[in-house]
1. Could you please find all residues in the stretch 117-126 being in a loop (DSSP other than H, G, I, E, B) and either in contact (Cβ under 8 Å) with a residue 60 or more places away in the chain or under 16 Å from residue 60 (Cβ atoms) (or both)?
2. Identify the residue in the stretch 21-30 that is within 10 Å of the chain's Cα centre (by Cα) and crowded, with 17+ Cβ neighbours inside 10 Å and, among all such residues, is nearest to residue 52 (Cα to Cα).
3. Does residue 6 qualify as being exposed (fewer than 11 other Cβ atoms within 10 Å of the Cβ), touching a strand residue (DSSP E or B) at 6+ places or on another chain (Cβ under 9 Å), farther than 27 Å from residue 131 by Cα and at pLDDT below 85?
4. Tell me which residues, restricted to the stretch 127-143, are surrounded by fewer than 14 Cβ atoms within 10 Å (Cβ to Cβ), in contact with a helix residue (DSSP H, G or I) (Cβ under 9 Å, 6 or more places away or on another chain) and not in a helix (DSSP H, G or I).
5. Of all residues in the stretch 93-118, how many are closer than 18 Å to residue 130 by Cβ and surrounded by 13 or more Cβ atoms within 10 Å (Cβ to Cβ)?
6. Hey, among the residues in the stretch 31-52 that are in contact with a strand residue (DSSP E or B) (Cβ under 7 Å, 6 or more places away or on another chain) and closer than 22 Å to residue 132 by Cβ, which one's surrounded by the most Cβ atoms within 10 Å (Cβ to Cβ)?
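The values are calculated or read from the model by the stated rules, or taken from the named source; none is laboratory data. No experiment lies behind these values; they were computed from the predicted model shown. Every residue, glycine as well, gets a Cβ built from its backbone with ideal geometry; the counts of neighbours run over all protein chains shown.
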């Protein structure tokens with residue numbers, strides 16, 4: 001074979017190790033490889049939701065963990081989406097136009113790929129202020145989650 005001839009190699013897909021990883025704040029005790037699925041109570045209201053939520057910002061995940069209902073340890077997981085995402089209308093349409101919190105939701109599971117074990121939480125006063133604000137919204141009928 002001379003230099004003008006080329007050998008066709010089979011096309012092999014290249015794995016992408018840089019898949020977007022998101023955060024999910026909760027009090028659930030999960031393991032790497034677990035799937036977070038729909039059908040569980042929300043972090044904020046006692047109702048099973050049709051969507052699950054994640055964020056691309058650590059701060060929003062910290063709030064999710066700190067405000068989650070229950071008595072478990074506050075946790076922040078690194079998760080990968082297994083299906084399509086859409087902007088979270090509960091945040092992007094109502095509070096922060098343009099989605100600066102990078103908050104999303106899906107009906108497809110999220111796969112736990114890690115856990116953030118060192119993170120800075122908010123002060124007790126900030127957490128109480130957020131909880132008080134959510135309680136006011138609930139009393140005024142404005143704490144519904146748009147599904």
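1. First pass over the stretch 117-126, keeping only residues in a loop (DSSP other than H, G, I, E, B): 117-123.
Answer for the stretch 117-126, where residues must be in a loop (DSSP other than H, G, I, E, B) and either in contact (Cβ under 8 Å) with a residue 60 or more places away in the chain or under 16 Å from residue 60 (Cβ atoms) (or both): 119, 120, 121, 122.
2. Of the residues in the stretch 21-30, the ones within 10 Å of the chain's Cα centre (by Cα) are 21-26.
Checking the rest, the ones that are also crowded, with 17+ Cβ neighbours inside 10 Å come to 22-26.
Working: 22: 12, 23: 12, 24: 9, 25: 11, 26: 11 Å.
Among those that are within 10 Å of the chain's Cα centre (by Cα) and crowded, with 17+ Cβ neighbours inside 10 Å, it is 24.
3. Working: exposed (fewer than 11 other Cβ atoms within 10 Å of the Cβ): yes; touching a strand residue (DSSP E or B) at 6+ places or on another chain (Cβ under 9 Å): no; farther than 27 Å from residue 131 by Cα: yes; at pLDDT below 85: yes.
Here the answer is no, as residue 6 does not meet what is asked.
4. Result: 142, single match.
5. Taking the stretch 93-118 as the starting set, the residues that turn out to be closer than 18 Å to residue 130 by Cβ are 94-96, 100-101, 103.
Keeping just the survivors that are surrounded by 13 or more Cβ atoms within 10 Å (Cβ to Cβ) gives 96, 101, 103.
Residues flagged as closer than 18 Å to residue 130 by Cβ and surrounded by 13 or more Cβ atoms within 10 Å (Cβ to Cβ) within the stretch 93-118 amount to 3.
6. Ranking the candidates gives 43 first.
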